[in-house]
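Chemist: Below is the structure I would like to discuss, written out as structure tokens.
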Amino acid sequence: MPDGLNQYTIGQINRIVGGQLILTVDVESPVSDLLIDSRRLVSPDHSIFFALKSPRNDGHLYIPELLDKGVRNFVISDIPDTIKHAHPSLQANIVQVDNTLTALQHLCASHRKRFSIPVIGITGSNGKTIVKEWLFQLMGRDKNMVRSPKSYNSQIGVPLSVWQLNSTHDLAVFEAGISKPGEMSRLQAIIQPDIGIFTNIGQAHDENFKTVDQKIKEKLILFKDTQTLIYCTDQVLVHQHIRDDATFADKQFFTWGNDAFCDLIISSVISHPQGTTIMAEYHKNHIEITIPFTDEASVENAIHCWAVMLYFGYDTRDIAPRMRILTPIAMRMEMKEAINHCSIINDSYSSDIKSLGIALDFLDQQKQHTGKTVILSDILQSGKKDKDLYSEIAEILSRKNVSRIIGIGPVISNQAKQFKMKKEFYPDTDSFLSGFDAASFHDETILLKGARIFEFEKISKVLQLKAHETILEINLDALIHNLNFYRSKLKPTTKVMAMVKAFSYGSGSFEIANTLQYHHADYLAVAYADEGLELRQTGITMPIMVMNPEEPGMETLIRYDLEPEIYNFRVLEQLMTAIRNSNGKNDHPVSIHIKLDTGMHRLGFEEEHLDGLVTRLKNDPLIHIQSIFSHLASSENPEHDDFTLKQIERFRMMSSKIRSAFSHKILLHILNSAGIVRFPQAQFDMVRLGISLYGVDTSNAEQRHLINVSTLKSSISQIKKVVAGEAIGYNLQGVASRDMNMAVVPIGYADGLSRRLGNGRGKLLVNGHFAPIIGNVCMDMCMIDVTDITVKEGDEVIIFGDEWPITRVAEDIGTIPYEVLTGISRRVKRVYFRE
């Protein structure tokens, strides 16, 4: 169980949040775990669920599910029918408040006040998480530190971070992020930092602030009660606001920068093959550090950490060797293909019980394999007795249905008896690798979770499926963001159908579908029955519409509960024949989706077909109409709005004719992504999300609200010098116009790099600079001109991504983003990640 200060009774919580106990079983019931997501339940007996409400979701909807799972403590703002109907027989403790998020924040702010240890609060536009994690690397050996897990810095993430505080800690580091005015005062009340770090000011979330000055003022609210503020005076606007704000007149400062009045005066920054050496003057003494990085952001982040350590009184001779061994912060969980049909989730940048819980949630989402293995190192500096810590971990693994634990480290090995599942233990990573048996891993999902010193990257290398250096990275957080953006445009009752046809626009079928299922999309749509079959076989249970049903796949449709689009009588007859031939093997009617042609003149029934269609369907009890839909031809183009409105009205009339002939509810849908934004009056019962879900808005109207999901990248295989006039590539199409440095990149048209990009038409991004493609694109590689760019073999090359949008690549090819995305070969390894 957590430390005593993390155990509260329901009565105490009710008093803290100013609620009303509308139902009680035991006011002394102990609570230690805060739960805001029903899918992340670990310990029902000790959890309290805060039913948070947002424009896109309502936690009250999940109370019945949690009651079934044994949760008995709830904080609510509404009284669901579940409670109304069951009261007073319901065995639960229910606290009602006006606002559940405010209640969560008040509880954690109250919890924070119980501790007098130094608390560091970090804000800024960039670098918050890096500075926090590097402080842990630099100071964690001396202090029992608690910190925000990953980048938990939001209105919800901050209270959950602060809740981790217990009496074993002697230093806390929490980051605070905001996206609009009015948010920081709430975070300040929760963190209540004694020491502040302002990293920098940049363009993140500029769209929600009128000016940069407004954003700086909002961020500075975090430090209104701090004793000391650490910041860089070279951030001129930040420095000016701090100097002019009366709030900071009586504060202590620890400043760094180029100015002579700084506490830490930076005199030089020198990059070299080993990294960067930073020289400075402190208390009139020359001091220096070397970090194993050369980029400007890392230099800035390292100096912030340097300033913090000096403020805490660390000897400069002790700081320098620690700085030399700083390691990169992989702030994301990556999922990749692994050996023997396995998947591997690599989350080995930190090892503590909170981040383990987050990683296990991600593992639990994966349904493509029944087997789940966790490779876990010793958890360092937990502040708990070994027996208590690993007993708690064993319970969590069991609840998350982990089938095997591989423990690495002397401490976890000594606690082997705590784990009741299949298990193996090794004293260190090298011992595991020396006895590594690839055959012992097959058809399972493997989570790597280890502290840095255990070097789990060695394990990742032997488990990964080998592939060439070209990869497609898919940001699942961006996918979720885009889904929620469009949900925010919808009425609460409007359902969402997500298009995952064509290998989810090149992004990978199961992984995308699984994420959409986990985040409660209502429907999926695939092109063919075999795509639906693949999803069913990998654990997707949500409804799936098949848009191009074919006669050979009709049996598959029926057997795997796939729902075909019916667009003419021929397809309808094929389905009816398949149902008759199934000899009653399906125990319920087959759901279908009727496609209407409202003017696009592609697939669909026309108006004169409707009477006959209704007659056929009313006479067949083995077919159930699930939805009626149509397709807008030009919803993104304002010039065609009159035509679009006519389509919507025609759809309304035609669907009404069918709907009125049946007694059950039939869903209607016509809007695509652009239509959701431009024609909200036509939401009907459901909308369909296509390429916009993947971060590409075809009309550009909403592009600034979307996040790019996919990044196609490769690396430089070889660099050659080519003399002016010499030919390059097949058919001698490329000719060096000057003495040239040429780089070979292992991506070609077999990977999805269009041949139309050859001979200078296309360009790739290398180290922030564009390099034109020289000569013809080959099957497996291409050549680029890097004469004016500082590069080396192995450097990363971006084909498209955040810095070079896929829309621009499509323009260079003379096509649309759909073709680029769907053209990426399956031989290109997909890497899925979450922040």
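Chemist: Roll a 1.4 Å probe over the protein heavy atoms and report the accessible area of residue 295 in Å², nearest 10.
Modeler: 70
Chemist: Of the beta bridges DSSP finds with both residues in the chain, what % are antiparallel, to the nearest 5?
Modeler: Numbers: 57 of 137 bridges.
Of all bridge pairs located within the chain, approximately 40 percent are antiparallel.
Chemist: Can you send over the carbon and sulfur percentage of the accessible area for the range 726-799, probe radius 1.4 Å, protein chains only? Please report the intermediate quantities before stating the final value.
Modeler: Numbers: 1680 of 3420 Å².
The computed percentage sits at 49.
Chemist: Follow-up question, since we're still on this one. Any chance you could check the Cα centroid distance between the range 5-72 and the range 442-504 for me, in angstrom?
Modeler: So the two Cα centres are separated by 30 Å.
Chemist: Any chance you could run the full-extension gain for residue 788 through residue 812? It's 0.36 nm times the residue separation minus the Cα-Cα distance, nm to one decimal. Walk me through the intermediate numbers first.
Modeler: On the way: separation 24, 0.36 × 24 = 8.64 nm, distance 2.16 nm.
Taking 0.36 nm per residue and subtracting the Cα distance, the gain is 6.5 nm.
Chemist: Please state the shape class of the range 367-464: rounded when a/c is under 1.5, otherwise prolate if a/b exceeds b/c and oblate if not, all from the C-alpha gyration tensor. Display every interim value, and only then the final one.
Modeler: Details: a/c = 1.81, a/b = 1.19, b/c = 1.52.
Note, shape of the range 367-464 comes out oblate.
Chemist: Here's another thing I want to ask about it. Can you give me the Kirkwood hydrodynamic radius for the chain, using every pair of distinct Cα atoms, in Å to one decimal? Please report the intermediate quantities before stating the final value.
Modeler: Working: mean 1/r = 0.0334 Å⁻¹.
It is 29.9 Å.
Chemist: Return the carbon/sulfur percentage of the accessible area of the range 47-148, one whole number, probe 1.4 Å, all protein chains in place. Intermediate results must be reported in sequence, preceding the final value.
Modeler: Details: 1850 of 3890 Å².
Here it works out to 48 percent.
Chemist: Would you kindly state how much longer the chain becomes between residue 398 and residue 277 on full extension, computed as 0.36 nm times their sequence separation minus their alpha carbon distance, in nm to one decimal? Could you put the intermediate results ahead of the total?
Modeler: Values: separation 121, 0.36 × 121 = 43.56 nm, distance 4.76 nm.
So the extension gain works out to 38.8 nm.
Chemist: Of all the accessible heavy-atom surface of the range 237-278, with the other protein chains kept in place and a 1.4 Å probe, what percent is carbon and sulfur?
Modeler: 51
Chemist: With every protein chain kept in the model, how would you rank 154, 271 by accessible area, 1.4 Å probe, largest at the top? Intermediate values should be presented prior to the final figure.
Modeler: Working: 154 50, 271 75 Å².
Putting 154, 271 in descending order of accessible area: 271, 154.
Chemist: Let me ask something else about it. Quick one: if you stick a label point 7 Å off each Cα along the C-beta vector at residue 491 and residue 622, how many nm between them?
Modeler: Each label point lies 7 Å from its Cα, and together they span 3.7 nm.
Chemist: Here's something else I'd like to know. Per-residue HN-Hα couplings for the range 430-439, Karplus 6.51 cos²θ - 1.76 cosθ + 1.60 at θ = phi - 60°, whole Hz, x for Gly and Pro?
Modeler: Each residue's phi maps through the Karplus curve to give 4, 5, 4, 5, 5, x, 4, 10, 4, 5 Hz.
Chemist: Rounded, prolate or oblate: which fits the range 210-342, taking a ≥ b ≥ c as square roots of the Cα gyration tensor eigenvalues, rounded meaning a/c under 1.5, else prolate when a/b beats b/c? List each step's numbers first, then the result.
Modeler: On the way: a/c = 2.21, a/b = 1.32, b/c = 1.67.
Oblate, since a/c reaches 1.5 and b/c is not below a/b.
Chemist: On a full-extension model of 0.36 nm per residue, what is the gain between residue 318 and residue 615, subtracting their alpha-carbon distance, rounded to one decimal in nm? Mind dumping the intermediate values first?
Modeler: Working: separation 297, 0.36 × 297 = 106.92 nm, distance 8.51 nm.
Full extension from residue 318 to residue 615 adds 98.4 nm.
Chemist: Same structure again: What is the calculated FRET efficiency for residue 637 to residue 251, with r their C-beta to C-beta distance and R₀ = 45 Å, to the nearest 0.05?
Modeler: Given R0 = 45 Å and the Cβ-Cβ separation, E is 0.20.
Chemist: For the range 201-309, what is the accessible area per residue in Å² when the probe is 1.4 Å?
Modeler: Values: 5470 Å² over 109 residues.
So the range 201-309 comes to 50 Å² accessible per residue, rounded to a whole number.
Chemist: Taking a ≥ b ≥ c as the square roots of the Cα gyration tensor eigenvalues, with a/c under 1.5 meaning rounded and otherwise prolate when a/b beats b/c, else oblate, which class fits the range 106-199? Don't jump to the answer; show the numbers that get you there.
Modeler: On the way: a/c = 1.88, a/b = 1.15, b/c = 1.64.
Verdict is oblate for the range 106-199.
Chemist: Now for a separate question. Can you show me the helix-derived [θ] at 222 nm for the chain, built from DSSP H runs with n ≥ 4 at -39,500 (n - 2.57) apiece and divided by the number of residues, rounded to the nearest 500. Please list the in-between numbers first.
Modeler: Numbers: 27 runs with 250 residues, N = 835.
Computed ellipticity for the chain at 222 nm equals -8500 deg cm²/dmol.
Chemist: How far is the Cα center of the range 284-317 from the Cα center of the range 226-278, in Å?
Modeler: 12
Chemist: Say each of residue 98 and residue 424 gets a label point 7 Å from the Cα, pointing the same way as Cα to Cβ; how far apart are those two points in nm?
Modeler: Result: 5.8 nm between the two label points.
Chemist: How many angstrom lie between the Cα centre of the range 772-798 and the Cα centre of the range 378-403?
Modeler: 48
Chemist: Using the heavy atoms of the protein chains alone and a 1.4 angstrom probe, what is the accessible area of the range 725-835 per residue in square angstrom? Please report the intermediate quantities before stating the final value.
Modeler: On the way: 5100 Å² over 111 residues.
For the range 725-835, the solvent-accessible area averages 46 Å² per residue.
Chemist: Also: With charges set only on the Cβ (+1 for Lys and Arg, -1 for Asp and Glu), what does the dipole of the chain come to about its Cα centre, in debye to the nearest 20?
Modeler: Details: 88 positive and 100 negative charges, 232 e Å.
About 1120 debye.
Chemist: Can you find, among 14, 124, 436, the residue farthest towards the positive end of the dipole of the chain? Put +1 on the C-beta of Lys and Arg, -1 on that of Asp and Glu.
Modeler: Towards the positive end, the residue furthest out is 14.
Chemist: Taking a spot 7 Å from the Cα of residue 24 along the direction of its beta carbon, which residues of the range 91-109 have an amide N less than 16 Å from it?
Modeler: Residues 91-97 fall inside that zone.
Chemist: Next question. Which distance in nm do the two modelled labels at residue 385 and residue 117 give, with both placed 7 Å along the Cα-to-Cβ direction?
Modeler: Each label point lies 7 Å from its Cα, and together they span 2.0 nm.
The values are calculated or read from the model by the stated rules, or taken from the named source; none is laboratory data. Quick caveat, the model's predicted, so the values are computed rather than measured. FYI the Cβ positions are ideal-geometry reconstructions off the backbone, even for glycines, and counts take in every protein chain you see. In case anyone asks, the SASA skips ligands and DNA or RNA and just uses the protein heavy atoms, side chains included. Shrake-Rupley method; radii C 1.70, N 1.55, O 1.52, S 1.80 Å.
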